[in-house]
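J.: First, the structure itself, so that you have it in front of you.
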């Protein structure tokens, strides 16, 4: 990290921490069932934040790395694999091209992460139902779950970026993983997901090494009984959600590396999508019918991204740009949602 990267990254983290502190101290002070209108409003707020950041990248994206001259710009373009070919442009013109591409990479990564998050939401709903968590505590568990997810993504993204810079073949490994995941998701699209709490590895490990109180105690994750520190079932539900997000990140983070190898853009797009995950959770609970064909859409999306990583040299030579990737991603997502709305659900004949 150079000084510009440290300052930009620190400013970003300061903003995120401030928003989370306000959220926890003001808006999440009391446990309550989140109504659809409130969830929709907060979803709009987080999407607005993501779009504002997109505009900032359009005008100030070069300040992330503090690019002082043409030589450094060319080095950054090569280092992060940006599909930019400079010819006789001036430095200022080249910066405009760079910022435009960077903003599209950010937006494409954000859409991919946001779309994949919807699938993660369905798993979270199953976890809450399996652990019999009261609806009014969903928001509290999701808040701390998202906080943990931010820390895990930071580690995963920057370690992955360092490995990609050192071992180029990792991109191809990511590509194979995504194609496999996409095909597997399509084949298992009608499979009913189940969460068996007693057999879940997280539950078994925690129960083995830590004393667990058998009943829920309101909003509390821990209690002290007769001088003994105990974990409540609500905390175990939180740990299962964290574990699920780690598994989820194995697909989502490599997917964004197919769009850009700039770890900062990957991180920024990831975090804005994750921050909107909690409000998205409550929206999805009310409009689940809009995502009947999501599994098919995501399977196509992951397979496309995987092949893009495997054949990126050929696509670059062909002139396949970041804007092309964005259009494909948008096309897949819009098609899956429109299909869910326009194609009537088949009713089983009893």
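J.: Just to check your reading of the model, which residue among 259, 329, 284 is part of a loop (DSSP other than H, G, I, E, B) and touching a helix residue (DSSP H, G or I) at 6+ places or on another chain (Cβ under 8 Å)?
T.: Working: 329 fails: part of a loop (DSSP other than H, G, I, E, B); 284 fails: part of a loop (DSSP other than H, G, I, E, B).
Within the list 259, 329, 284, the selection yields 259.
J.: Across the range 97-134, what is the total count of residues that are part of a helix (DSSP H, G or I) and over 30 Å from residue 70 (Cβ atoms)?
T.: Restricting attention to the range 97-134, the residues satisfying the condition of being part of a helix (DSSP H, G or I) are 97-130.
Right, trim to over 30 Å from residue 70 (Cβ atoms) and you get 111-130.
Counting residues in the range 97-134 that are part of a helix (DSSP H, G or I) and over 30 Å from residue 70 (Cβ atoms) gives 20.
J.: On to the next question. Within the range 188-241, can you find the residues that are in contact with a helix residue (DSSP H, G or I) (Cβ under 7 Å, 6 or more places away or on another chain), part of a strand (DSSP E or B) and loosely packed, with under 14 Cβ neighbours inside 10 Å?
T.: Scanning the range 188-241 gives a single hit, 222.
J.: Just to be sure, is residue 266 surrounded by fewer than 19 Cβ atoms within 10 Å (Cβ to Cβ), within 18 Å of the chain's Cα centre (by Cα) and assigned to a helix (DSSP H, G or I)?
T.: So residue 266 fails the test.
J.: Collect the residues in the range 287-323 that are outside any helix (DSSP H, G or I), touching a helix residue (DSSP H, G or I) at 6+ places or on another chain (Cβ under 7 Å) and at pLDDT 80 or above, keeping them in residue-number order.
T.: Of everything in the range 287-323, just one residue is outside any helix (DSSP H, G or I), touching a helix residue (DSSP H, G or I) at 6+ places or on another chain (Cβ under 7 Å) and at pLDDT 80 or above, namely 293.
J.: Something else: Within the range 148-157, does at least one residue satisfy the condition of being on the phi < 0 side of the Ramachandran plot, over 20 Å from the mean Cα position of the chain (by Cα) and in contact (Cβ under 8 Å) with a residue 60 or more places away in the chain?
T.: no
The values are calculated or read from the model by the stated rules, or taken from the named source; none is laboratory data. What you are looking at is a predicted structure, and each value in this text was computed from that prediction instead of being measured. A quick note on method: Cβ atoms are made from the backbone with ideal geometry, for glycine too, and the neighbour counts reach across all protein chains shown.
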